[in-house]
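What follows is calculated from the coordinates using simple rules that are stated; it is not laboratory data. Computed from a predicted structure; not experimentally measured. Heads up, the Cβs are rebuilt from the backbone with ideal geometry, glycines too, and the neighbour counts pull from every protein chain shown.
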Ligand code: IVH
């Protein structure tokens with residue numbers, strides 16, 4: 001049966017359209033249509049493909065879900081060797097590398113292209129006449145494994161190149177990775193399914209790509225970032241003559257290229273780039289272990305050539321290790337303001353990513369057991385995604401037999417009262433309400449920035465005041481007299497006066513929100529404190545609220561509500577609050593009149609700038625009232641809020657006949 005021409009055209013058009021929307025969504029992260037609209041196009045294409053199997057195409061966007069499983073990977077020879085890179089570990093070595101280039105190419109002042117060295121695995125992807133035809137791993141550089149079926153499932157990899165004007169044959173090289181965020185999510189899912197967690201994003205990417213069943217790979221959040229070329233053939237003249245043009249060219253074909261790449265006119269610009277990436281490293285959404293610098297001019301690259309292992313025109317400038325080994329000298333246990341006992345590793349100082357690390361939290365007893373740590377162990381420590389150091393594991397091969405088992409205390413290290421676990425919590429807690437460690441930590445929080453923000457009253461002074469018995473509760477701070485302070489070590493006339501003045505000032509300027517936050521109620525941070533202060537007049541009114549009532553407020557679930565309720569039921573806390581009132585620490589707030597949930601289920605979209613508030617503020621307000629702010633325009637949007645200089649969304653909204661309101665109307669709605 002011949003397929004009607006209009007169907008052939010329709011299928012072609014749908015594939016082009018979906019490819020374009022995939023590119024907007026997965027490569028540019030900037031979709032132009034809503035999910036339901038996309039789903040509609042996709043369903044339409046799938047239906048036509050099912051009805052006309054003659055139109056089957058392995059590169060159809062519907063094939064991203066993965067084909068039939070393999071029994072093993074075939075091998076595939078690379079047409080141009082996939083080299084490794086020489087490593088350097090300092091800017092000095094970088095300068096030596098530049099000198100070597102200058103010796104090999106006398107009289108040349110090279111410029112460079114620098115970009116992050118992504119920590120994933122190297123892959124080559126091949127296109128013929130703009131169509132994806134094959135992909136292979138690096139392997140030994142000469143022969144790799146054929147991973148065509150798996151690469152086909154990677155969402156940000158185009159199966160059809162965007163531009164008609166593309167090379168007739170193109171081998172693109174790049175890195176397959178998993179972002180830090182996707183890695184966390186993937187590991188959480190693995191554990192939920194009872195499967196093993198991956199050690200790091202690199203292992204997760206490699207494990208996901210080396211699956212024989214492409215349907216499994218399709219479910220993994222893999223991404224491909226292009227950084228270079230293998231063999232390339234053009235219809236006529238080659239179009240790209242520098243590395244910078246290669247990257248821009250690959251980008252114009254719809255490929256995602258390594259983010260944050262930069263042209264560096266000279267060696268010192270590379271040094272600056274290196275320092276800036278080193279500083280930025282932990283804030284990037286993916287793991288990097290250094291930068292890669294390439295001579296920008298492709299002719300010069302060719303002239304410099306390669307050794308048996310690596311090209312002479314490129315260098316990996318690695319970052320200082322963020323993992324290292326050191327000794328676990330001891331484990332101490334700290335008591336926090338809520339009474340939680342936290343074990344802390346005391347380490348022999350070790351430098352990681354340029355900072356000296358001598359302590360690291362071990363979170364709780366289970367964590368120590370799960371890791372199998374013993375005091376005296378040599379341990380692997382790292383500064384992971386964030387900058388907080390952590391103990392990864394003991395190096396069991398280095399044990400001498402003198403290591404000691406750690407026993408978690410069953411009594412509070414500060415007051416010696418027995419510790420207990422509440423409900424199914426993993427943490428041990430000290431339940432003694434007058435535990436000095438809890439009091440001390442509670443007071444440190446009370447005066448901190450998240451509390452009343454008492455300037456000049458730091459951690460050290462709070463500790464002194466508590467240890468000298470001058471302060472036994474937060475109210476005592478406001479009863480301090482100059483005579484109490486003067487006998488303290490390192491205290492002077494002026495300092496005492498200043499301290500008392502800032503305590504008095506903090507009392508006067510305390511808002512209800514600050515005071516609620518200062519109380520240190522379990523699970524109540526600054527955000528929740530703000531919600532409470534907006535809905536209750538003072539602490540007395542808040543203390544009367546039932547858990548059911550509290551749960552009607554935005555962001556307050558049953559656990560938080562119960563914690564607030566219990567706090568105000570506690571007799572010691574009741575006494576504290578009445579004392580606050582007595583001494584005049586009694587802020588009141590103007591309650592809002594709006595009922596929460598007024599905009600329940602309503603979808604908003606913004607276009608143009610608002611003059612009375614920022615976008616995030618407007619979004620927050622809508623969400624507090626139960627509404628939602630969406631980014632893609634569709635028939636489901638209830639209100640289109642138009643500010644100054646609206647964008648194209650306004651036209652689309654008009655076409656769809658949506659309700660369009662201005663800023664004043666929006667303010668009426670949320671007031
Ligand atoms: S260029 C001949 N650029 O690093 C030059 N490699 O240690 C080929 N890598 O096998 C590599 N990010 O897997 C280049 N922006 C980047 C890279 C990068 C990560 C990996 C690549 C390579 C390995 C060499």
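With respect to the chain, whose longest principal axis is taken over its alpha-carbon atoms, helix 91-104 is tilted by about 20°.
The value of relative contact order for the range 173-266, using C-alpha pairs under 8 Å at least six residues apart, is 31 percent.
Between residue 415 and residue 50, the distance separating the two model label sites (each 7 Å from Cα on the Cα→Cβ line) works out to 6.7 nm. Helix 267-280 and the long axis of the chain differ in direction by around 50°, with both axes built from C-alpha atoms. Highest average first, the peptides 49-56, 220-227 ordered by how many other beta carbon atoms sit within 10 Å of their residues are 220-227, 49-56. Once the C-beta distance of residue 99 and residue 248 is scaled by a Förster radius of 35 Å, the resulting FRET efficiency is 0.75 to the nearest 0.05. Treating only the Cα positions of the range 559-671 as identical point scatterers, give the base-10 log of I(q)/I(0) from the Debye formula at each q in 0.15 Å⁻¹. Debye output, listed in q order: -0.72.
Cβ crowding within 10 Å ranks 378, 75, 528 as 75, 378, 528, fewest other Cβ atoms first. May I ask for the angle, rounded to the nearest 10°, between helix 558-569 and the longest principal axis of the chain, with both axes built from Cα atoms and the value confined to 0 to 90°? That helix lies at roughly 10 degrees to the long axis. One way to sum up the overall shape of the range 54-151 is the equivalent ellipsoid from its Cα gyration tensor, whose semi-axes run 38, 16, 13 Å, largest first. Taken along its three principal axes, the alpha carbon spread of the range 80-131 comes to 41, 27, 19 Å, from the longest extent down to the shortest.
Binning all Cα-Cα separations of the range 412-545 at 10 Å, short to long from zero, yields these whole-percent fractions: 11, 36, 33, 17, 3, 0. Over the range 417-491, Cα pairs under 8 Å with separation of 6+ residues give a relative contact order of 18 percent. Once Rg and the Kirkwood radius are both taken over the C-alpha atoms of the chain, their ratio Rg/Rh works out to 1.03.
Just so you know, the averaged projected area of the alpha carbon convex hull for the range 491-573 sits at 6.5 nm².
Treating the range 446-498 as a set of equal point scatterers at the Cα positions, no solvent, please give the Debye-formula log₁₀ I(q)/I(0) at q = 0.13, 0.16, 0.23 Å⁻¹. Listed by q, the Debye log ratios stand at -0.29, -0.44, -0.95. Relative protection proxy for 173-183, 133-143, 26-36, from highest mean packing down: 173-183, 133-143, 26-36 (other beta-carbon atoms within 10 angstrom).
Provide the three semi-axes, in whole Å and in decreasing order, of the ellipsoid equivalent to the range 9-62 as defined by the square roots of 5 times the Cα gyration tensor eigenvalues.
Output for the range 9-62: semi-axes of 21, 12, 8 Å.
Shape descriptor for the range 404-474: Rg over Rh equals 1.06 (Cα atoms; Rh from the Kirkwood inverse mean 1/r). Based on the Kirkwood radius over alpha-carbon pairs, what value in µm²/s does the Stokes-Einstein equation return for the translational diffusion coefficient of the range 334-467 at 10 °C and 1.306 mPa s? It comes out at roughly 94 µm²/s. Compactness ratio for the range 596-650: Cα radius of gyration over 2.2 N^0.38 Å (N = residue count) comes to 1.08. Remark: relative contact order (the range 574-659) = 31 percent; criterion is Cα-Cα distance under 8 angstrom and separation of 6 or more residues. Pull up the DSSP beta bridges for the chain and report the antiparallel fraction as a percent, rounded to 5. Percentage antiparallel, nearest 5: 85.
In terms of the mean number of neighbouring beta-carbon atoms within 10 Å, the peptides 623-634, 644-655 order highest first as 623-634, 644-655.
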